[in-house]
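The values are calculated or read from the model by the stated rules, or taken from the named source; none is laboratory data. In this text, all values refer to a predicted model and were calculated from it rather than measured experimentally. As a convention, Cβ positions derive from the backbone with ideal geometry for all residues, glycine included, and neighbour counts pool all protein chains shown. To get the accessible areas, we keep the full protein, side chains included, count just its heavy atoms, and leave off ligands, DNA and RNA. Shrake-Rupley method; radii C 1.70, N 1.55, O 1.52, S 1.80 Å.
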Amino acid sequence: MPSLVTFRKRIASVKATRKITKANQMVAASKLRRAQEAAEAARPYAEKMGTVITGLASAAKANSGGPKLLAGTGKDDTHLVIVATADRGLCGGFNSNIVRLARQTIESLLREGKAVKILCVGRKGRDQLRRQYGAMILDTVDFMGIKRIGFADAAKIGARVLEMFEAGEFDVCTLVYSRFKSVISQVPTTQRLIPAPVEAAAEDNKGTVYDYEPDEAEILAELLPRNVSVQIFRALLENVAGEFGAKMSAMDSATRNAGEVIDRLTLEYNRTRQAMITKELIEIISGAEAL
Amino acid sequence: MADMIPFDLVSPERLLLSAEAGMVTLPGAAGYFGVLPGHAPVISTLKPGVIEVTGGSASGARYFVSAGFAEVTAERVTVLAEDAIAVNTVDAATLDRKIADAEEDILQAKGDAARTKAVAALETLKQLRAAL
């Protein structure tokens with residue numbers, strides 16, 4: 001029978017753990033609110049950008065195919081996969097879900113005989129992908145030590161991707177990240193960045209006929225590279241919001257679980273104590289009777 | 001009011017300004033242009049310069065943008081700027097120091113690409129200095 005001291009020690013240690021998870025949960029909750037606000041604040045820009053580009057792109061595509069960022073290089077041989085995950089763990093299946101989707105994407109590309117290059121954004125993704133695809137990982141960008149991801153951080157990644165594209169190092173670029181649906185639900189998503197996907201422009205969009213200054217092709221040439229950064233920025237913000245959402249629910253269930261363990265241990269502790277008292281009593285009584 | 005036009009200034013990080021304006025002056029790629037209510041629809045890229053709001057609740061507000069584009073319709077002006085700074089928050093002394101730094105960068109730049117970049121950065125700063 002384990003002694004009472006070991007029980008007391010275990011209960012104390014689980015209680016300490018519960019305090020940590022509880023604190024972590026509350027930190028995540030407050031960070032989540034800020035991340036959500038940031039994601040929402042970024043939305044109008046990305047949306048406006050999207051509508052303008054869609055309008056311009058459908059016109060450009062009809063004419064001559066447009067610039068490379070829109071029409072592609074004409075090849076489909078080398079793929080760049082950007083895997084955006086969190087830098088920290090302790091957020092349930094958040095990182096693993098993104099990595100799983102990335103792995104599926106990479107595997108299906110490899111099966112088709114394409115060359116794959118990987119750019120990891122966030123440490124956790126690199127940690128999980130390194131063993132299997134170590135040779136394909138070009139680099140890792142992480143945001144350790146950065147409190148709030150600003151547009152400049154995303155622009156840096158965007159510039160890097162564009163540089164590689166200009167140098168002809170890849171033909172198609174796909175971004176894997178987690179779309180923030182709600183606090184308890186994040187959906188791992190793939191999004192094609194280059195060539196820029198163009199949805200069929202809605203007909204009612206054509207209501208206004210714009211003058212373009214300078215001409216359409218030039219505006220498009222200027223907007224498309226910027227759009228890459230904007231899309232990355234949006235994905236990163238959604239990722240951050242999702243990370244804290246996942247962390248919050250993971251820590252919540254950890255706290256609840258710790259509470260259950262404490263209850264069970266306490267019950268067992270009391271039972272053992274009672275058993276020991278009863279045993280001592282029996283010993284005393286039977287000792288007295290024997291006399 | 002018929003003689004007002006809603007004006008939105010949006011950066012990738014947040015909505016900077018949303019107000020009714022009498023007129024908005026924008027640094028278009030082909031030169032500054034003013035937008036009054038009922039302006040013909042235009043999409044224009046912006047070069048480094050100052051956006052100025054005249055009339056309305058945000059009258060007198062001046063924002064410096066280094067790049068971006070504007071969408072103008074008869075009913076609305078939207079500016080998407082990569083980074084926009086309210087001119088009155090900029091300090092001339094810090095700016096002068098930055099200009100000096102930028103000039104040094106040009107001298108130290110290795111290769112043509114780096115130099116072009118540094119020259120562009122200096123040009124942006126000088127435009128901002130001129131706006132003060």
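One table, with the values for the structure above:
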| item | result |
| --- | --- |
| With eigenvalues of the C-alpha gyration tensor scaled by 5 and rooted, region A:42-246, Å | 30, 20, 15 |
| 222 nm mean residue ellipticity, helices alone, for the protein assembly as shown (DSSP H n ≥ 4; -39,500 (n - 2.57); rounded to 500) | -19000 deg cm²/dmol |
| For A:T189, residues with placed amide H under 5 Å, excluding near neighbours | A:Y177, A:S178, A:R179 |
| Candidate residues A:R226, A:R271, A:R179, A:R10: accessible-area rank, largest first, probe 1.4 Å | A:R271, A:R10, A:R179, A:R226 |
| Chain A - percent relative contact order, Cα under 8 Å, separation 6 or more | 32 percent |
| Long-range HN-HN contacts of A:D142 with modeled amide H, under 5 Å | A:G122 |
| Phi-based couplings in Hz for region A:87-92 (Karplus 6.51, -1.76, 1.60; Gly and Pro marked x) | 8, 10, x, 6, 9, x |
| Under-5 Å amide H pairs with B:I51, H placed in peptide plane, nonlocal only | B:Y63, B:F64, B:V65 |
| Enclosed volume per residue, in Å³, of the convex hull spanned by Cα atoms of region A:32-150 | 140 Å³ |
| Per residue accessible area in Å² of the protein assembly as shown, where ligands, DNA and RNA are left out and the probe is 1.4 Å | 52 Å² |
| Segments A:242-248, B:22-28 sorted - mean Cβ within 10 Å per residue, highest first | A:242-248, B:22-28 |
| Shielding by partners - mean other protein chain Cβ count within 10 Å, residues of A:37-47 | 4 |
| Calculated from backbone phi, Karplus (6.51, -1.76, 1.60) coupling profile of region A:211-223 in Hz, x at Gly/Pro | 8, 10, 9, x, 7, 4, 4, 5, 4, 4, 5, 7, 6 |
| Estimated D of region B:91-131 in µm² per second, where Rh is the Kirkwood radius over Cα pairs and Stokes-Einstein applies at 25 °C, 0.890 mPa s | 240 µm²/s |
| Long-range Cα-Cα pairs in the protein assembly as shown (distance over 26 Å), rounded percent | 66 percent |
| In sequence order, calculated HN-Hα J values of region A:264-269 (Karplus, 6.51, -1.76, 1.60; Hz; x Gly/Pro) | 5, 5, 5, 4, 5, 4 |
| Among the listed pairs A:K48/B:K117; A:K31/A:K117; A:K9/A:K31; A:K68/A:K156; A:K117/A:K181; A:K31/B:K98, those beyond 25 Å (Cα-Cα) | A:K48/B:K117; A:K31/A:K117; A:K9/A:K31; A:K117/A:K181; A:K31/B:K98 |
| Signed unit charges on C-beta, dipole axis of the protein assembly as shown, positive-most listed residue A:V230, A:V81, B:A93 | A:V81 |
| Rg and Dmax [Cα atoms of region B:5-87; Å; Rg one decimal, Dmax integer] | 11.0, 29 |
| For chain B, size of Cβ-based charge dipole, Lys and Arg +1, Asp and Glu -1, in debye | 220 debye |
| Simple spin-label estimate for B:A114 and A:I146 in nanometres, 7 Å along Cα-Cβ | 2.3 nm |
| Hull volume in cubic angstrom per residue (convex hull over the Cα atoms of region A:1-95) | 158 Å³ |
